[in-house]
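Single-structure report; data block below.
The values are calculated or read from the model by the stated rules, or taken from the named source; none is laboratory data. In this text the structure is predicted, and so the values were computed from the model without any measurement. Here the Cβ positions follow ideal geometry from the backbone for every residue, glycine too, while neighbour counts run over all protein chains shown.
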Amino acid sequence: MTQTEHTKVWSPLEIPAVGRSGPQGIVACLGDLGTELGDLLTEHKALVFRGFGITPETLDPVFDHLLPNRLAYVHGNSPRTKVGSNVYTSTEYPKEFTISMHNEMSYAHAWPARLAFYCQVQPGGGGATPVLDAALWLDSLDPEVREAFAGGVRYVQNLHDGYGFGKSWQDTFETTDRAQVEAFLTDAGATWEWKRDGSVRIRSVRPSTIRHPVTGVEVWFNQADQWHAAGLGDDTAAALAQIMPEEDLPQHVTFADGSPIPAEYILQVRDRGLDNAVDVDWRAGDLMVIDNVALAHGRRPFTGDRRVLVAMSD
């Protein structure tokens, strides 16, 4: 079976409302399946709830059930706005761009086990959330690329002090206390240096693959293609190179030993991830929960308005 055929076979488990509605309807439908939510996610990787009429006012009880311990987006690198109790906009990246596949916070020392997405405003056109079997992603890469990444990757973050390119360290860590940042980074096994302008440079070495904690399946689990200038496209990379050295960009990545990652490897990782993904289209009120290790996710470009909220849990 080819990778493309495998992708067409797999799709998220869709759970229709069948006359039920609201948070109680979702709980009842899950009860009818007779399997714990964690077991369902291990088996199906993603669950999509359609037609339950979930509103922003009824969202909290749903998230409380699906994500028992909601996490703050501390050390997150995507532009987001916090809109509730550890509920965030899914991203504020411009609508005309694709967001490539990634497992949430795979660059960090700890990551959420589950993600839940809620569509508050249906996109005018496009705007699907593609999801991808991370084991398939790993298998889709050439042996040369998998071998090159075997030693892991080194992420470099440059976070400004409130004014500058990219995110500030205050927004990233949701604090204005440097001591809290340093305690977090110590626990994360990262190294850092504060600059005279108040910014901080952080370096972290992470694996490129991990094994699923339940199934033991090895999955592609890094964000090298999103942190590398080549993943942004030739024009954007060239423009950035005119502004600042690569090591001073808000995000930069190398192999674990500090050697550069070839652009062609980055493009293969990015493109094969997007090519093998399954699109989940949104209607207002839809909700999806995914296993963040088994599945990567992204975003297709869209027109009109689109508002998708996200929450995370361990």
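Selection of region 57-72 for residues being assigned to a helix (DSSP H, G or I) and polar (S, T, N, Q) yields only Thr58. Could you check, for region 39-50, whether at least one of its residues is surrounded by 18 or more Cβ atoms within 10 Å (Cβ to Cβ), at pLDDT 85 or above and over 28 Å from Pro301 (Cα atoms)? Looking through region 39-50, at least one residue is surrounded by 18 or more Cβ atoms within 10 Å (Cβ to Cβ), at pLDDT 85 or above and over 28 Å from Pro301 (Cα atoms). Within region 22-74, the only residue that satisfies the criterion of being over 16 Å from Phe117 (Cβ atoms), touching a residue at least 40 places away in the same chain (Cβ under 8 Å) and hydroxyl-bearing (Ser, Thr, Tyr) is Thr42. Quick check, is Val83 among the hydrophobic types (A, V, I, L, M, F, W, C), at pLDDT below 85 and within 17 Å of Leu309 (Cβ to Cβ)? In short, yes.
If you go through region 272-303 and pick out every residue that is within 16 Å of Cys119 (Cβ to Cβ), small (Gly, Ala, Ser) and in contact with a Gly (Cβ under 8 Å, 6 or more places away or on another chain), you end up with 2.
Taken over region 1-23, the criterion of being modelled with pLDDT of 85 or more and under 28 Å from the mean Cα position of the chain (by Cα) is satisfied by Ser11, Pro12, Leu13, Glu14, Ile15, Pro16, Ala17, Gly22, Pro23.
Taken together, the criteria place Asp133 among residues that are of a type in the set (Asp, Glu) and within 28 Å of Leu295 (Cα to Cα). Scanning region 107-165 for residues that are among the β-branched types (Val, Ile, Thr), over 18 Å from Gly273 (Cβ atoms) and in the same structural domain as Pro262 (by TED's automatic domain parsing) gives a single hit, Val156.
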